[in-house]
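Participant: One structure, pasted below without further comment.
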Amino acid sequence: MSRTQSNAYVIEIHDRAAGIVTRDTRGFRFFSSERLFDSLEDRQFRSAREAERAARAVFSERGRRAN
């Protein structure tokens, strides 16, 4: 049985859809689905997990600025 990896992943942060990442020849590209995460739009990541960490950092920074 061969295992295939998905070519696209939804990134969710606290039940909010931050965006999706799609696999391309250089890794994963982020597409924002919410204005809060627009700073990550079109950024390239080595992995979907790395993109998720970046989205969590954006969300955390927003929380720090609100306080």
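The values are calculated or read from the model by the stated rules, or taken from the named source; none is laboratory data. Just so you know, these numbers come straight off a predicted model, no measurement behind them. Counting neighbours? That spans all protein chains shown, and the Cβs are built from the backbone with ideal geometry, glycine included. Please note that ligands, DNA and RNA were not included when accessible areas were found on the heavy atoms of the full protein model with its side chains. Shrake-Rupley method; radii C 1.70, N 1.55, O 1.52, S 1.80 Å.
Participant: Against the condition open to solvent by less than 70 Å² (accessible area, probe 1.4 Å) and closer than 19 Å to SER60 by Cβ, how does GLY19 come out, does it pass?
Facilitator: Working: open to solvent by less than 70 Å² (accessible area, probe 1.4 Å): yes; closer than 19 Å to SER60 by Cβ: yes.
In short, yes.
Participant: Looking at region 30-60 only, could you name the residues that are open to solvent by less than 60 Å² (accessible area, probe 1.4 Å) and either within 8 Å of the chain's Cα centre (by Cα) or of a type in the set (Asp, Glu) (or both)?
Facilitator: PHE30, SER32, GLU34, LEU40, ALA48, GLU50, ALA51, GLU52, ALA54, ALA55
Participant: What are the residues in region 22-46 that are closer than 19 Å to SER60 by Cα and basic (Lys, Arg), if any?
Facilitator: Result: ARG35, ARG43.
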